[in-house]
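Report on the following structure.
The values are calculated or read from the model by the stated rules, or taken from the named source; none is laboratory data. Quick caveat: nothing in here was measured; it's all calculated off a predicted structure. In this analysis, Cβ positions are derived from the backbone assuming ideal geometry, glycine residues included, and neighbour counts consider all displayed protein chains.
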Amino acid sequence: MLSAIAMGDRRYTVDAYVVDALMRDLVGHDHRASAFLVYLVLTAAAEEGPVRFSHAQLAERTGLSKRGVQEAVLHLADRKLLRVTRQGATDVPRYEPLTPWRRHGAAAELPSV
């Protein structure tokens with residue numbers, strides 16, 4: 001099931017799991033509200049595939065500090081909710097939000113709670 005979220009003039013569709021379970025897990029259990037905000041922004045931007053943002057760009061979009069964004073990205077990557085790649089040390093990261101709850105076939109590997 002999908003949920004719609006309106007932000008300004010744009011409307012985004014997200015999996016109900018993101019709002020019903022992931023938000024509670026990241027914000028309530030992990031105490032990482034910043035990770036949830038970063039995940040939402042990257043998921044909305046990545047509708048067509050992986051996206052590139054600097055930490056400063058993500059900070060501007062979320063209202064977080066650059067350090068807050070860096071910590072959120074690391075947390076999401078550790079939780080296997082985000083794939084981060086870069087060509088070199090100074091390259092702008094390429095982000096691919098992951099949705100492990102959507103896996104088909106064998107039992108889905110959900111993020112730990």
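Summary table
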{"read-out": "Single condition S34 does not satisfy, out of (1) within 12 Å of the chain's Cα centre (by Cα); (2) outside any helix (DSSP H, G or I); (3) polar (S, T, N, Q)", "value": "(2)"}
{"read-out": "Candidates E60, E96, E47, filtered to the one that is touching a Gly at 6+ places or on another chain (Cβ under 8 Å) and either at pLDDT below 85 or loosely packed, with under 15 Cβ neighbours inside 10 Å (or both)", "value": "E96"}
{"read-out": "Failed item in (1) part of a strand (DSSP E or B); (2) modelled with pLDDT of 85 or more; (3) not charged (D, E, K, R), with V14 passing the rest", "value": "(2)"}
{"read-out": "Single condition I5 does not satisfy, out of (1) in a helix (DSSP H, G or I); (2) of a type in the set (V, I, T); (3) at pLDDT below 90", "value": "(1)"}
{"read-out": "Criterion violated by L64 - all others in (1) among the hydrophobic types (A, V, I, L, M, F, W, C); (2) within 18 Å of V19 (Cβ to Cβ); (3) touching a residue at least 12 places away in the same chain (Cβ under 8 Å) satisfied", "value": "(2)"}
{"read-out": "From E96, E47, residue being closer than 22 Å to A16 by Cβ and in a loop (DSSP other than H, G, I, E, B)", "value": "E47"}
{"read-out": "Hits in region 13-29 - residues which are under 18 Å from P100 (Cβ atoms) and among the aliphatic types (A, V, I, L, M)", "value": "V14, A16, V18, V19, A21, L22, M23, L26"}
{"read-out": "Every residue from region 30-81 that is in contact with a Leu (Cβ under 8 Å, 6 or more places away or on another chain), of a type in the set (S, T, Y) and within 14 Å of E96 (Cβ to Cβ)", "value": "Y39"}
